[in-house]
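A.B. asks: Below is a structure I'd like to ask you about.
The values are calculated or read from the model by the stated rules, or taken from the named source; none is laboratory data. Keep in mind the model is a prediction, meaning the values are calculated, not measured. Here the Cβ positions follow ideal geometry from the backbone for every residue, glycine too, while neighbour counts run over all protein chains shown.
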Amino acid sequence: MNVIWARAIVSIVLLAILCAAVGAFLGLKVALGLAVVLLIVQSFFGTFHKQRLWRLLDAPVYGEVPSAPGIWGEIYYRLHKLAKRWHAQVRQVEQQHSRFIQAIQASPNGVAMLDDHDQIEWCNAISEVHFGLDAKRDLRQHITHLVRQPDFVRYLNSHNYEQMLIMRGMGVKRQNVLSVQVFPYGENRKLVLSQDITELERTDAMRRDFVANVSHELKTPLTVLSGFLETMRELPLDESERHRYLELMSQQATRMQHIVSDLLVLATLEGDNRPPSDRLIDMRSVLAHLQEDADNLSSGRHTITFDSDERVTVTGAETEILSALGNLVTNAIRYTPDGGSIHVSWHDVNGQATFSVKDSGLGIPAADIPRLTERFYRVDRSRSRDTGGTGLGLAIVKHVLQRHDAQLDVKSEEGRGSTFTVRFSAARTARRQAAPA
Ligand SMILES: Nc1ncnc2c1ncn2[C@@H]1O[C@H](COP(=O)(O)OP(=O)(O)O)[C@@H](O)[C@H]1O
Ligand SMILES: [Mg+2]
């Protein structure tokens with residue numbers, strides 16, 4: 001038996017006892033009158049609270065507990081407890097939902113949810129960028145009305161989503177490449193996942209180009225070499241001819257060696273840790289080396305001058321710096337006709353160690369300047385080859401400088417000469433005490 005029945009029976013029994021007592025002392029009529037009055041009062045009380053409960057259920061005010069005596073107070077209190085429990089549950093679900101949304105928003109991939117009519121139910125910020133959508137504005141829009149590429153429409157309608165779809169010309173600048181895949185779920189709903197693979201495609205293309213370039217670069221000397229070998233095997237040659245052929249073959253072999261050794265240098269630079277930031281380079285020795293190599297290469301064909309402040313130095317890997325700066329000096333000599341001049345300087349300019357090589361050589365057309373540091377890029381192929389170039393020198397320079405927080409600046413005028421300037425960051429620049437004379 002529950003509380004309500006128990007209370008009802010108790011109040012009926014009390015009422016009966018009260019009426020019987022009143023009846024015994026004041027007569028039956030008074031007792032009946034009293035019973036009627038009490039019943040009316042109770043009915044009013046009940047009706048009042050039913051009305052109040054009705055209103056409360058119609059427009060609940062959370063946290064407000066109406067007070068009432070007896071069973072009504074109990075009912076209000078229990079309702080309040082129930083509401084509190086539900087409210088806590090709803091809040092928990094809301095928090096889970098918002099964490100879930102935050103997690104999908106944090107994903108580096110685009111996520112769009114479609115309903116059973118392929119209308120957008122929700123999409124994250126990355127998906128907005130990928131497809132040019134607006135999560136609020138485009139809600140409930142048919143996705144193919146917004147993403148109209150025929151490939152995408154065909155893919156979505158094909159209902160075969162095993163493969164992903166590659167979409168080109170996407171993004172604001174229409175230059176991005178997306179990989180898109182649809183995953184069906186629930187009742188005819190779809191998840192559209194998208195990933196920006198522009199960079200991946202670019203590096204892939206670069207790798208392909210690089211392999212093609214290396215093969216091409218090695219193929220030429222190899223063809224020449226095997227041609228000579230063939231000739232030497234087939235034809236009777238006198239001593240001087242034999243000597244000349246061997247000389248030419250040796251040149252081709254050296255060329256291949258240079259290419260391979262430059263490629264190895266590049267590979268090492270790419271794989272190595274950053275050069276030390278606390279080891280001072282002995283610039284006196286580096287500059288002395290540069291000068292000696294320059295004089296040897298030019299063998300008096302150019303006027304070469306050095307102007308340097310040997311107290312200025314930088315931190316890093318000495319062999320790398322020597323090879324990078326050496327490349328610039330060698331280029332200046334190679335691309336400057338006999339009789340020209342080359343001026344090398346090393347100074348502290350506004351707190352930055354600055355190396356520059358100025359030559360009075362061939363110069364470089366403006367359009368070629370931005371591409372000089374690409375691997376195997378040469379302005380004039382035959383000239384580079386004649387001077388023993390591999391087309392990798394400036395690519396090595398770029399790598400070394402990047403690793404040493406330095407910038408390369410190229411100024412050039414065709415037919416008048418070029419200036420290659422290297423500026424090290426202030427953080428890498430240091431100053432030694434004046435060297436003893
Ligand atoms: N000082 C310079 N004057 C004119 N052209 C230059 C100079 N330095 C570099 N170049 C051009 O830049 C190209 C790339 O240089 P680099 O990477 O060192 O390759 P290479 O092995 O051909 O010297 C060269 O082929 C040349 O055309
Ligand atoms: Mg070079």
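A.B. asks: Scan the range 175-192 and tell me whether some residue there is acidic (Asp, Glu), under 17 Å from the mean Cα position of the chain (by Cα) and farther than 17 Å from Asn109 by Cα.
C.D. replies: no
A.B. asks: Residues that are in contact with a Lys or Arg (Cβ under 7 Å, 6 or more places away or on another chain), more than 22 Å from Ile259 (Cβ to Cβ), in the same structural domain as Leu280 (by TED's automatic domain parsing) and surrounded by fewer than 17 Cβ atoms within 10 Å (Cβ to Cβ): does the range 396-407 have at least one?
C.D. replies: yes
A.B. asks: Ok, one more. From the list Val400, Val379, pick out the single residue that is within 15 Å of ligand 2 (Cβ to nearest atom), over 23 Å from Thr319 (Cβ atoms) and touching an Asp or Glu at 6+ places or on another chain (Cβ under 7 Å).
C.D. replies: The unique qualifying residue is Val379.
A.B. asks: Sticking with this structure for a sec: Given (1) away from ligand 2 (no atom under 14 Å from the Cβ); (2) in a helix (DSSP H, G or I), where does Ser412 come up short, assuming only one miss?
C.D. replies: (2)
A.B. asks: Given Thr319, Thr336, which one is among the hydroxyl-bearing types (Ser, Thr, Tyr) and surrounded by fewer than 22 Cβ atoms within 10 Å (Cβ to Cβ)?
C.D. replies: It is Thr319.
A.B. asks: Can you give me the number of residues within the range 116-167 that are in a strand (DSSP E or B) and among the acidic types (Asp, Glu)?
C.D. replies: Final tally of qualifying residues: 1.
A.B. asks: Inspect the range 322-345 for any residue being away from ligand 2 (no atom under 13 Å from the Cβ) and under 31 Å from the mean Cα position of the chain (by Cα) and give the result as yes or no.
C.D. replies: No: zero hits.
A.B. asks: Moving on to the next point. Is there any pair linking a residue in the range 1-30 that is at positive phi to one that is of a type in the set (Asp, Glu) and modelled with pLDDT of 90 or more, with Cβ under 7 Å and at least six apart or on different chains, and which?
C.D. replies: Matching pairs, first to second residue: none at all.
A.B. asks: Given the conditions (1) in contact with a Leu (Cβ under 8 Å, 6 or more places away or on another chain); (2) assigned to a helix (DSSP H, G or I); (3) not aromatic (Phe, Trp, Tyr), report the number of the one that Ala24 does not fulfil.
C.D. replies: Of (1) in contact with a Leu (Cβ under 8 Å, 6 or more places away or on another chain); (2) assigned to a helix (DSSP H, G or I); (3) not aromatic (Phe, Trp, Tyr), only one is false for Ala24: (1).
A.B. asks: In the set Gly326, Gly339, which member is more than 9 Å from ligand 1 (Cβ to nearest atom), assigned by TED's automatic domain parsing to the domain that holds Val397 and assigned to a helix (DSSP H, G or I)?
C.D. replies: Exactly one of Gly326, Gly339 is more than 9 Å from ligand 1 (Cβ to nearest atom), assigned by TED's automatic domain parsing to the domain that holds Val397 and assigned to a helix (DSSP H, G or I), namely Gly326.
A.B. asks: Related question: Is one or more of the residues making up the range 281-298 in the same structural domain as Arg334 (by TED's automatic domain parsing), among the acidic types (Asp, Glu) and assigned to a loop (DSSP other than H, G, I, E, B)?
C.D. replies: Yes - at least one qualifying residue is present in the range 281-298.
A.B. asks: Kindly provide the set of residues from the range 350-363 that are in a strand (DSSP E or B), more than 35 Å from the chain's Cα centre (by Cα) and either over 24 Å from Ser384 (Cβ atoms) or more than 16 Å from ligand 2 (Cβ to nearest atom) (or both), ordered by number.
C.D. replies: Correct list: Lys358 only.
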